[in-house]
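Each remark here refers to the structure printed beneath this line.
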Amino acid sequence: MMADELKQVDDVRTQLRNLRQQVQAGAVFQSLNTKIGAVLDNLPSNDETPVSLPDDTDGIKDLLKMLNQQIRATTLDKITDDQLMQLLNHLGSPDVDVRDRGIYFFFNDALQQHVLSDSQLRLAVNTLLQDRVLFNHITEPENTAIFGRSFAVMILSLLAYADRVDAHFLDAETTMRLVDQLATYIALENDTRGFVGTSGWAHAYTHIGNLLDELAESQVLTRADKVFLMIEILEKYRRLETPLIFGESRRLAAYLATVVNLNDLYEQAFLQEWRQWRVRLSNTPQPEDEAGWTRLFNRSRLLSAMILREDYPEEVSNAINAEVDFLS
């Protein structure tokens with residue numbers, strides 16, 4: 001990342017962190033969506049620059065073949081730190097067999113079989129939370145860096161799950177850094193592609209939903225942080241100008257079901273945001289451009305995904321079902 005882009009990312013992170021602190025202090029609640037929206041409406045945008053991709057001829061395929069053979073045979077009990085870093089450094093590969101079927105599948109199995117030590121779990125988290133990983137080319141038009149960014153979020157969701165249900169290797173400071181970085185990532189990520197040609201899944205907004213779901217279940221995060229993340233993803237979602245058509249709405253609907261069922265505070269915060277979104281639609285003329293229609297149909301897909309679920313509180317179910325006539 002260039003110095004200018006790093007500063008831009010840090011400026012967005014600082015604004016969002018300040019807002020989170022205001023919510024934690026009880027100074028902001030009713031106007032949270034407006035204040036988050038002001039940040040989202042003034043994000044940096046840069047011209048496209050060349051993306052540096054990992055060299056998949058450096059032995060990563062042989063390493064993955066060996067590790068996955070051993071883990072399927074349940075004969076793998078540890079890997080070295082160097083091997084772990086080689087895996088993490090190839091998450092940005094556009095080769096689906098390296099990134100998705102290789103590294104992601106390995107991490108999923110390795111966490112279940114407790115192959116990684118606590119220090120390696122912490123090393124993985126701290127590596128993936130780096131700005132150079134999460135925000136690589138994020139302020140530029142669609143580019144191949146999406147694979148590294150998005151799969152960093154996906155692996156972080158696996159690690160957050162492992163921490164919550166079993167390993168408990170994350171300290172409070174790292175968890176707060178995770179929230180900071182995720183909030184910044186949600187704000188900046190505009191690449192909504194799902195399955196991309198021969199490179200397979202990008203799926204950033206599904207991976208965001210996975211990590212949000214894990215943090216919603218966290219016993220470390222405050223209620224203020226959970227409300228903040230929920231309002232932010234809804235505000236970002238309604239501003240996206242490219243379609244989410246590869247199941248992202250179903251994943252986000254599942255996350256929303258998780259969070260609104262935790263406590264009446266989250267339910268009421270969601271209802272306030274959802275109703276205000278509807279009011280904005282009611283007061284807005286019919287779209288006259290592609291971006292406007294895309295926003296409308298993105299919302300329609302999210303609404304449909306929510307309606308199909310049967311695990312929302314009654315007041316939320318009534319609110320979303322009432323929109324069927326509104327949108328018809």
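The values are calculated or read from the model by the stated rules, or taken from the named source; none is laboratory data. This one's a predicted model, so the numbers in the text were calculated from it and none came from an experiment. Neighbour counts are summed over all protein chains in view; Cβ atoms, including those assigned to glycine, are modelled from backbone coordinates with ideal geometry. Quick note on the areas: whole protein, heavy atoms, side chains included, nothing else; ligands and nucleic acids left out. Shrake-Rupley method; radii C 1.70, N 1.55, O 1.52, S 1.80 Å.
Are any residues in segment 303-325 surrounded by fewer than 15 Cβ atoms within 10 Å (Cβ to Cβ) and either in a helix (DSSP H, G or I) or not assigned by the TED database to the domain that holds Leu281 (or both), and if so, which ones?
Those that are surrounded by fewer than 15 Cβ atoms within 10 Å (Cβ to Cβ) and either in a helix (DSSP H, G or I) or not assigned by the TED database to the domain that holds Leu281 (or both): Glu314, Glu315, Asn318, Asn321, Val324, Asp325.
Go through Ser304, Ser328, Ser249 for me and flag whichever is at pLDDT 95 or above, among the hydroxyl-bearing types (Ser, Thr, Tyr) and over 28 Å from Ser31 (Cβ atoms).
Answer to the check: Ser304.
Which residue, of Asp81, Asp97, is over 25 Å from the mean Cα position of the chain (by Cα) and modelled with pLDDT of 95 or more?
Of Asp81, Asp97, the one residue that is over 25 Å from the mean Cα position of the chain (by Cα) and modelled with pLDDT of 95 or more is Asp81.
For segment 100-124, what are the residues that are in a loop (DSSP other than H, G, I, E, B) and either open to solvent by less than 20 Å² (accessible area, probe 1.4 Å) or not assigned by the TED database to the domain that holds Ile155 (or both)?
Val115, Leu116
Check off (1) part of a loop (DSSP other than H, G, I, E, B); (2) in contact with a helix residue (DSSP H, G or I) (Cβ under 9 Å, 6 or more places away or on another chain); (3) at pLDDT below 95; (4) farther than 30 Å from Phe270 by Cα for Asn68 and give me the number that stays unchecked.
(1)
Within segment 32-50, does at least one residue satisfy the condition of being in the same structural domain as Leu129 (by the TED database), within 21 Å of Gln112 (Cα to Cα) and either open to solvent by less than 80 Å² (accessible area, probe 1.4 Å) or among the β-branched types (Val, Ile, Thr) (or both)?
Checked against the condition, which is being in the same structural domain as Leu129 (by the TED database), within 21 Å of Gln112 (Cα to Cα) and either open to solvent by less than 80 Å² (accessible area, probe 1.4 Å) or among the β-branched types (Val, Ile, Thr) (or both), segment 32-50 yields no hits at all.
Is there a residue in segment 278-295 that is within 28 Å of Ile138 (Cα to Cα), within 16 Å of the chain's Cα centre (by Cα) and among the small types (Gly, Ala, Ser)?
no
Which number in (1) over 20 Å from the mean Cα position of the chain (by Cα); (2) of a type in the set (D, E, K, R); (3) surrounded by fewer than 15 Cβ atoms within 10 Å (Cβ to Cβ) marks the one condition that Lys61 misses?
So the condition that Lys61 fails would be (3).
Among the residues of segment 241-261, what is the count of those that are open to solvent by 30 Å² or more (accessible area, probe 1.4 Å) and assigned to a loop (DSSP other than H, G, I, E, B)?
So the answer is 6.
Determine if segment 266-279 includes at least one residue that is in a helix (DSSP H, G or I), more than 23 Å from Glu248 (Cα to Cα) and at pLDDT below 95.
Yes: segment 266-279 contains one or more residues that are in a helix (DSSP H, G or I), more than 23 Å from Glu248 (Cα to Cα) and at pLDDT below 95.
Restricting to segment 64-99, count the residues that are buried (at least 20 other Cβ atoms within 10 Å of the Cβ) and in contact with a strand residue (DSSP E or B) (Cβ under 6 Å, 6 or more places away or on another chain).
Final tally of qualifying residues: 0.
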